[in-house]
1. Towards the positive end of the charge dipole of the range 1-98, with charges on Cβ (+1 Lys, Arg; -1 Asp, Glu), say which of A69, S51, P27 has the farthest Cα.
2. Measure off 7 Å from each Cα along the Cα-to-Cβ vector at K242 and F213, then give the distance between these two points in nanometres to one decimal.
3. Answer rounded, prolate or oblate for the range 1-76, using the Cα gyration tensor with square roots of eigenvalues a ≥ b ≥ c: rounded when a/c is under 1.5, else prolate when a/b is larger than b/c, else oblate.
4. Using 0.36 nm per residue, how much length does the chain from E190 to R290 gain when fully extended, once their Cα-Cα distance is taken away?
5. Going toward the positive end of the dipole of the range 172-291, with +1 on Lys and Arg Cβ and -1 on Asp and Glu Cβ, which of L244, A214, A175 do you reach last?
6. Any chance you could give the angle, 0 to 90 degrees and rounded to 10, that helix 169-197 forms with the longest Cα principal axis of the chain?
7. Which value, in debye to the nearest 20, gives the size of the charge dipole of the chain about its Cα centre, when Lys and Arg are +1 and Asp and Glu are -1 at the Cβ?
8. Cβ neighbours within 10 Å, averaged per peptide: list 164-172, 58-66 in order, most packed at the top.
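Values quoted throughout were computed directly from the atomic coordinates according to the rules given, and no laboratory measurement underlies them. Values in this document were obtained by computation on a predicted structure and should not be read as measured data. Cβ: placed from backbone, ideal geometry, glycine included. Neighbour counts: every protein chain shown.
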Amino acid sequence: MPDAVGFIGLGAMGKPMALNLRKHGVPVVVHNRSRDAERTLAEAGASVATSPAAVAAASHTIVLMLPDAPDVAAVLDGPQGLLSALPTGAIVVDSSTIAPAAARAFAAQVAARGGAYLDAPVSGGEIGAIEGTLTFMVGGDADALDAVRPLLAHMGTAEKIVHVGPSGAGQVCKACNQLVIGGTMVAVAEAIALARKAGVDGAKVRQALMGGFAASRVLEVHGERMLTGNYKPGFKARLYKKDLGIVAGALAEAGVVALETALVQQLVHAQLAAGEGEDDYSGVAKSIFRLAGLD
């Protein structure tokens, strides 16, 4: 049985995740559209495969970190796709952020080939991927998750690997995560705008808020970005727009009214319309600041 771990998708999140596997001595075989990222992993001791099928032939566990559901579909079932060479009993860990319905469909495809599919999106951003402190929100078979927990713990925090429920539940949880982050970011931006317009030091306001019930990781990390104007991504606004589309679809499917999330979505649209889609998604603050008449 192949003993290497496959990894497909070496972007801002996938590359440091795969590098953390190598730092823990895990044999890794990678495939990516960009050759530069593959070279970085090869220098760290990973093998490079020419196709998803070649990854499947060398691996019993395969991790995916791809932009969206069409990319996952192409990797699974495209020419030289994973499914064409997937070993019986293989486990596909899909850490992409996609719609819950897509995750359920992919799970059925993998099961038909004798494998198990876990939708396992992450939270923690590029910093968490680099530091190996990601949270994994996992949907799918509990036994399959138990089999890969030690592997996920090399990329995340062991106690933050949470089995949320059956296939698709991990992606529902990720939608909830993106919903909460968006609402909190807008509230933090509004608070900083209020402080600035009232002639109060925003940094001191943030410092005070961090000591009370208003404290959050969003206030800590993204509040700092908003105060300093450092919107170098972490997580690009154009990708957050995609995630909010998934959130909106999940809300509609479940019949949940989400007025705040609708507002967040429009503010992110304004961010992209201003040509700021490559900025960090916390740059939505600039949409708030412009509306407040602030630079």
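1. Most positive-ward Cα: P27.
2. With each label placed 7 Å out from Cα toward Cβ, I get 3.8 nm.
3. Working: a/c = 1.60, a/b = 1.16, b/c = 1.37.
Cα axes put the range 1-76 in the oblate bin.
4. Numbers: separation 100, 0.36 × 100 = 36.00 nm, distance 1.11 nm.
Gain on extension, E190 to R290, equals 34.9 nm.
5. A214
6. Its long axis makes an angle of about 20 degrees.
7. Values: 24 positive and 27 negative charges, 100 e Å.
Computed charge dipole of the chain: roughly 480 debye.
8. Working: 164-172: 21.7, 58-66: 25.3.
Highest-to-lowest ranking by the protection proxy: 58-66, 164-172.
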